[in-house]
Amino acid sequence: MALAMDWLLQHPFALWLAIGAALLAVEVASGSGWLLWPAACAALMGAGSLAYHFDLTMQLVIFALLTIVTTLAGRRFFPWAVLGGDINDTRSRLAGQEGVVAENFRDGRGRVFVDGKEWAAKLEGGSVLASGAKVTVVGVGGSRLTVRAG
């Protein structure tokens, strides 16, 4: 183990690629989006270490600065890349989806077929709606969708 660590410290290109690969593996496993930019910066440091021979302390400072700048820039210019909705969050996933009435609405309540599943639903404005009519999801409350005709 010590021999491998000594070798990595003597070959900064391999060290930075190993750090980048580890960060990328953790990012892929977690899907948080926070480690994507540091992984890219580690790859940049690896490429940069081939051209410039800085000591380890300076490399760490450059890596930290690159990580801060790219993370802030990434959040500013690519907010969708990291802040995408959680696929398990029904509220954000179903809001705006279109569906079809599966069971007639009476007194503002019925069933709709949305996103490949049948859901209990209440109709915004509470009226009657026939089976087969198009609806749009406007909200989610527990396991019941709130829908709007059309």
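The values are calculated or read from the model by the stated rules, or taken from the named source; none is laboratory data. Being a predicted model, the structure only gives us computed values, none of them experimental. Here the Cβ is made from the backbone with ideal geometry for all residues, glycine too, and neighbour counts use every protein chain on show.
Which of the residues spanning region 138-150 are within 16 Å of R93 (Cβ to Cβ) and either part of a strand (DSSP E or B) or outside the structural domain of Q97 (by TED's automatic domain parsing) (or both)?
Result: V138, G139, V140, G141, R144, L145, T146, V147.
Among the residues of region 19-53, write down those that are modelled with pLDDT of 90 or more and over 15 Å from A64 (Cα atoms).
Matches in region 19-53: A21, A22, L24, A25, V26, A47.
Select from region 57-109 the residues that are at pLDDT below 85, loosely packed, with under 14 Cβ neighbours inside 10 Å and part of a helix (DSSP H, G or I) and list them in ascending order.
Of everything in region 57-109, those that are at pLDDT below 85, loosely packed, with under 14 Cβ neighbours inside 10 Å and part of a helix (DSSP H, G or I) turn out to be R76, F77, P79, W80, A81, R91, S92.
Kindly list, by first and then second residue, each pair from a residue in region 120-137 that is not assigned by TED's automatic domain parsing to the domain that holds V101 to a residue that is among the charged types (D, E, K, R) and surrounded by 14 or more Cβ atoms within 10 Å (Cβ to Cβ), limited to pairs with Cβ atoms under 9 Å and residues at least 6 apart or on different chains.
none
If I ask for residues that are farther than 12 Å from L94 by Cα and not in a strand (DSSP E or B), which ones from region 110-137 would you list?
Within region 110-137, E124, G125, G126, S127, V128, A130, S131, G132, A133 qualify.
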